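Working notes for the structure below.
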Amino acid sequence: MRKATIQEYRDRYNSLTTNEERFALITELYNLVHSRTRQTTEQFYTVGEKGASRQKLNDRAINLIEEFNNDPNKKPTDAEKQVLAQFSGFGGGLIDKTTGQKGSVYEYYTPKPIAEGVWDCLQGLGFSGGKILDPSAGTGIFGATAPLNAAVDAVELSSLSGRVSQLVNDGPGYNTTISNFEKVAAKTRDNVYDAVVTNVPFGAVADRGANRMDDSRYQDDPLEVYFILRSLEKLKPNGLAAFIVPMRCVSGKGGKPEELRTKATMMAEFVGAYRLPSGTFSTASTDTATDVIFFRKFSDETAEKIAELREQKPELLSEAKIQWETFIEGKYFDSYEGKKYVLSEFVAKDPTKFRDVDKVISNADLNDLREILRTRKLPKSRINWELLETSETTPIVYNEGDTINHAGCALVMRNGVWVQLAKKSED
């Protein structure tokens, strides 16, 4: 059916004689526009429960997922979305009722206040909209808490978590793909996203299994290394990235951790990092301490200069702090700059205790941590741009009327949000 043009709506409005009729037409127009914008979904996510309550909430969500899978035409209500969004994976040894297997101790999802705090940081660094990628999306918390000027591509390996993200979030401006990231990355062009934000999975090369063969890049690297480096390649020049990572990514000495930092900072400026307390992910019964690390991808001009110096004067890369030795050598949080971004007290593991781990102890709750992320601003660029003979990398900015392509649709920026354009047959 052909839909009315803007002029036809104007003519209709001018022909109306009562306020009630005009209000009804305005409501119709509002609903039409609203149906083509990304919907707010963060309200469905809450801070996760602990212990036995998690298992019950997971089972309720799985029952709903099965209902929707059996009836593809059924759409979730807001109440059902809230049930679905309480799914928290099987970290901490919970039972997956669909397989009967226990979950990994390393499977944990980002608490909502932390996701909100990461977005506060990204906006403070200049993010003002565009296409974003979450390559390890879980149930979609980073996409759900993203500002409405973000068009979200979420990728998730787990069919359960990915289905939650689809049912709760998918629509104009939000698309969830259930797949391993390697397969998606191999089919996606580089330099297409304005921001990347994710809680990266971590583990050895063996933990990637056969998935690593789906992409020719970084096949012999551990999970976290693959996700970080491949995500940076998908980022546009000047784009921003935020990764929740195991502490070794920032502080590990030598080997793969140092190689990761070296390769990453050839593509993007290390902006800074926060060390989160142990217990941040305690809903998954883990004391794992993690870091949030931020990068800004170099502009084309700077990338060309770096490539030139790498061949001709590699020592200038250290002198200009592209390859900042403090960060490369894993000493960031020991430095004067880095110490204030340790959001608690660091306690090294006790080698005499079985399976003891490094801890970062704090009395701050999750909302306190969000406030710290929002207010404890990351440092200004430490790169010597004059020595590089290039300009400092500036944020990507979208203006009213700009368009992007997302999930096969054209989106236009209107009043600070992306609006999906009608297809030609609907004009």
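Taking amide hydrogens as placed 1.01 Å from N in the peptide plane, the amide H of residue 239 sits under 5 Å from those of 297, each at least 5 positions away in sequence or on another chain. Of all aspartates and glutamates in the structure, the ones whose alpha carbon falls short of 17 Å from that of residue 253, not counting any fewer than 8 places away in one chain, are 221, 224, 291, 325, 329, 334, 358.
Per residue, how many Å² of accessible area does the chain show with a 1.4 Å probe? Intermediate values should be presented prior to the final figure.
Values: 20650 Å² over 427 residues.
Dividing the accessible area of the chain by its residue count gives 48 Å².
Where does the chain land at 222 nm, in deg cm²/dmol rounded to the nearest 500, when only DSSP H runs of n ≥ 4 count, each adding -39500 (n - 2.57), divided by all residues?
On the way: 17 runs with 157 residues, N = 427.
That comes out to -10500 deg cm²/dmol.
Shown here for region 69-134: trypsin sites (Lys or Arg not before Pro) in loop regions (DSSP other than H, G, I, E, B) with at most 15 other Cβ atoms within 10 Å, namely 74, 97.
The H on the amide N of residue 342, modeled in the peptide plane, is under 5 Å from the matching H of 275, each at least 5 residues off or on a different chain. With viscosity set to 1.567 mPa s at 4 °C, what whole-number translational diffusion coefficient in µm²/s follows for the chain from Stokes-Einstein and a Kirkwood radius over Cα pairs? This corresponds to a translational diffusion coefficient of 56 µm²/s.
Taking a Cβ cut-off of under 11 Å around residue 366, the surrounding Lys, Arg, Asp and Glu residues balance to a net charge of -2, with basic ones at +1 and acidic ones at -1. Residues whose amide H lies under 5 Å from that of residue 323, counting only those 5 or more places away or on a different chain, are 318; hydrogens are built 1.01 Å from N in the peptide plane.
Spin-label model, residue 128/residue 148: points 7 Å from Cα along the beta carbon direction are separated by 1.9 nm.
In order along region 171-181, the Karplus-derived 3J(HN,Hα) couplings, from 6.51 cos²θ - 1.76 cosθ + 1.60 at θ = phi - 60°, round to x, x, x, 8, 9, 10, 10, 8, 5, 6, 5 Hz, and Gly and Pro are given as x.
Phi angles across region 339-345 convert, under the Karplus curve 6.51 cos²θ - 1.76 cosθ + 1.60 with θ = phi - 60°, into 3J(HN,Hα) values of 4, 6, 9, 7, 7, 3, 9 Hz, Gly and Pro given as x. Of all aspartates and glutamates in the structure, the ones whose alpha carbon falls short of 14 Å from that of residue 297, not counting any fewer than 8 places away in one chain, are 190, 194, 233, 269, 392.
Accessible surface ranking for 188, 390, 77, 1.4 angstrom probe, highest first: 77, 188, 390.
Give, as ranges by residue number, the residues of region 288-321 whose backbone N falls under 16 Å from the point 7 Å along Cα→Cβ of residue 385. Within reach of a label on residue 385, which here means backbone N under 16 Å from a point 7 Å along Cα→Cβ, region 288-321 contributes 296-306, 320-321. Spin-label model, residue 10/residue 192: points 7 Å from Cα along the beta carbon direction are separated by 3.7 nm.
Using θ = phi - 60° in the Karplus curve 6.51 cos²θ - 1.76 cosθ + 1.60, the 3J(HN,Hα) couplings for region 204-220 round to 6, 4, 4, 5, 7, x, 6, 4, 5, 7, 7, 9, 6, 8, 6, 5, 9 Hz; x is entered for Gly and Pro. Surface composition of the chain: carbon plus sulfur atoms contribute 49% of the solvent-accessible area (1.4 Å probe, protein chains only, all chains present).
The values are calculated or read from the model by the stated rules, or taken from the named source; none is laboratory data. This is a predicted model, so every value here is computed, not measured. Positions of Cβ are backbone-derived with ideal geometry, glycine not excepted, and every protein chain shown enters the neighbour counts. Heavy atoms of the whole protein, side chains included, go into the accessibility calculation; ligands, DNA and RNA do not. Shrake-Rupley method; radii C 1.70, N 1.55, O 1.52, S 1.80 Å.
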